[in-house]
1. Hey, rough spin-label estimate for ASP368 and ASP252, points 7 angstrom out along Cα→Cβ, what's it come to in nanometres?
2. Bin width 5 Å, alpha-carbon pairs only: give the P(r) of segment 115-272 as whole percents, running from 0 to the bin holding the largest distance.
3. Give me the aspartates and glutamates in straight-line cross-link reach of LYS317: C-alpha distance below 15 Å, same-chain residues under 8 apart excluded.
4. Kyte-Doolittle mean at least -0.5 and Cα extent at least 15 Å along the axis: which DSSP H helices of the chain qualify?
5. Can you give the net charge of the other residues whose Cβ lies under 11 Å from the Cβ of SER115, counting K and R as +1 and D and E as -1?
6. Within segment 350-429, which GluC sites (Glu not before Pro) sit in a loop by DSSP and count at most 11 neighbouring Cβ atoms inside 10 Å?
7. Over 18 Å between Cα atoms: which of LYS54/LYS93; LYS141/LYS429; LYS31/LYS312; LYS56/LYS141; LYS95/LYS124; LYS16/LYS201 fall into that group?
8. Just subtract the alpha-carbon distance of LYS384 and VAL104 from 0.36 nm times their residue separation and send over the number in nm, one decimal.
Amino acid sequence: MKTKTFKQGIHPKYNKDLTNSKPLEKANLPKEVTLYLDQHIGSPAKAIVEAGDKVKLGDKVGESTGFISANLHASISGEITAIEERRDSIVIKIKGSEGEQWQVDNPEKNLEDISAEEIREIIKEAGIVGLGGAAFPSHVKVSTDGKEVNQVILNGAECEPYLTVDHRTMLEQASEVIYGLKALMKSAGAKEGYIGVEVNKMDAINKLEEVSQKDSNINIIPLEVKYPQGGEKQLIKAILDKEVPSGGLPLDIGVVVNNVGTAVAVTEAINYGKPLIERGLTVTGAVNNPQNLIVRIGTPIRDLIEECGGFKGEPGKIILGGPMTGQAQSSLDVGVSKGTSGILVLSKDEIEDYKDPRPCIRCARCIDGCPAKLMPTALANLAKNDDVEGLEKYNVLDCIECGSCTYVCPANIDLLDWIRIGKAKVEAKRREN
C-alpha cells in the first residue's frame with residue numbers, strides 16, 4: 001500500500017501494543033471532579049456558579065469570555081463544593097446516586113436540515129475543543145471569517161507513542177467519526193474531507209473505508225508511521241502536498257484540521273445535545289491493567305490509575321499525554337482536562353538519570369529530524385543569548401514543540417526547553433509593541 005508522509009521526522013519506540021487491542025470502556029463514575037476554567041487555548045471561562053449550588057449533568061458552569069474561549073459544563077450531577085483560586089477551578093461532588101449517564105438514543109439528524117451557522121453554534125455551546133491535545137476551541141476553526149475552505153482533514157495518525165485512544169475511536173465509532181467530519185465540512189463550507197491514518201492501524205483504515213464508501217468526497221489516506229505525522233502542518237503536507245506559510249494558519253491555504261475524537265464530540269452534540277463532558281483517553285505504561293477509557297472531564301488521575309490496577313512497581317514519572325509532548329505531574333489529584341489524551345506511568349527503571357548537556361558536536365541530527373525545517377541548535381543558542389531579533393529571523397514561532405530535536409540530540413542539550421524560552425521572549429516583545 002502506497003503511503004503518504006512529510007520530510008524529516010523521527011522513529012521513536014511506539015509501545016502501543018499495551019492497549020491497541022483494548023476496547024473503549026466507560027470509566028467508573030468519579031465521586032468528585034475538578035473542572036479547570038483555563039483548560040483550553042484562549043481566554044479562560046468564567047464561573048457562573050457558586051459554592052453550594054446544585055447542578056445536573058451537562059449544566060453550564062463556566063461561560064466563554066471571548067471568541068477564542070470555550071464553555072464548561074458539569075460532568076457529574078451534584079453540589080458545587082468549591083470555587084478554587086489556586087488554579088481557577090470548580091469542584092463538584094456527587095450527592096447520593098446522582099451522576100447519571102447522558103441519553104444518546106435519539107435518531108441521527110439529517111445534516112441537510114441543519115445550516116452551517118447552526119452547526120457552529122452547537123459546537124460553541126457544547127464547549128467542544130480539539131481533543132488531540134492542543135484544546136483549541138473548535139467553533140473558531142470553522143468560523144472561516146470569509147476565507148474559502150476547500151478541505152477538512154481529520155487527524156487519525158495518533159503518532160504519539162503509547163497512546164491508542166484515537167485508534168479505538170476510529171475502530172469502534174467509525175460512523176460517528178464520518179458523521180462528524182461531514183458536519184465539520186458543512187460548517188466550514190468545504191467540499192472535500194480527508195482522514196489521515198498511519199498504517200499501523202490498518203483495521204481502523206478498513207473500517208473507515210467501509211463506513212464512508214458511499215461518500216465520494218471523503219477520502220481515507222494511509223500514512224507512513226512516523227513522528228510527528230499527526231502535526232497539523234505535517235498532516236496537510238502529507239495528504240494535500242500543501243505548505244502552510246511561515247507564521248500562517250491552515251485556514252490561509254483553505255484547510256481546517258480537527259481530531260477524530262473532536263468529530264465524535266461534534267456528532268454527539270448535534271444528535272444528542274451532549275456537551276463535552278467526557279472524553280476518551282489511554283491509561284498505560286507501568287500500571288497493572290492498561291486500558292482505553294471514556295472518562296468524565298475533571299476526574300482525578302488517581303482514580304483512573306487505581307481503576308487500571310494501580311502502579312506496576314515503583315512509579316518514576318506520571319505524564320498527562322504522551323512521552324514526547326505530555327507534561328509530567330507532581331500530584332495525583334490533578335483532574336483530567338478536555339485536552340488530556342492519555343495518562344502515562346513510567347517506572348523508575350524507565351527513567352534515565354539526568355545527564356549534563358555537553359557542547360554541540362554539529363552532527364545536525366536535530367535539523368534532520370525537525371518537521372518544521374528549523375535549526376534547533378541555532379535557536380537554542382539565540383535564546384540563551386537573548387537575541388530576540390535572531391529568534392524572529394529564524395522563525396522560532398514555527399516550532400511545533402514536538403520534542404524531536406531533544407530526543408535525537410547525542411549531547412543531551414535541552415533544545416526544546418530553550419526554544420520554548422525563545423518563543424516566550426518573542427511573544428513578550430510582540431505584546432509590548
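1. 3.0 nm
2. Taking every Cα pair in segment 115-272, the percentages come to 2, 10, 21, 24, 22, 14, 6, 1.
3. Of all the aspartates and glutamates, those that pass the test against LYS317 - Cα under 15 Å, at least 8 places apart if same chain - are ASP333, ASP349, GLU350, GLU352, ASP353.
4. Details: long enough: 174-188 (21 Å, 0.60); 260-272 (18 Å, 0.95); 415-432 (26 Å, -0.70).
Sorted by number, the helices that extend far enough and score high enough are 174-188, 260-272.
5. On the way: positive: ARG120, LYS186; negative: GLU112, ASP113, GLU117, GLU118, GLU121.
Net charge around SER115: -3.
6. GLU352
7. Details: LYS54/LYS93 10 Å; LYS141/LYS429 26 Å; LYS31/LYS312 24 Å; LYS56/LYS141 29 Å; LYS95/LYS124 29 Å; LYS16/LYS201 11 Å.
Violating the 18 Å Cα-Cα cut-off are LYS141/LYS429; LYS31/LYS312; LYS56/LYS141; LYS95/LYS124.
8. Values: separation 280, 0.36 × 280 = 100.80 nm, distance 5.34 nm.
Difference between extended and current length: 95.5 nm.
Readers should treat all values here as calculations from the given coordinates under stated rules, not as data from a laboratory. This one's a predicted model, so the numbers in the text were calculated from it and none came from an experiment. Here Cβ is always computed from backbone atoms with ideal geometry, including for glycine, and neighbour counts include all displayed protein chains.
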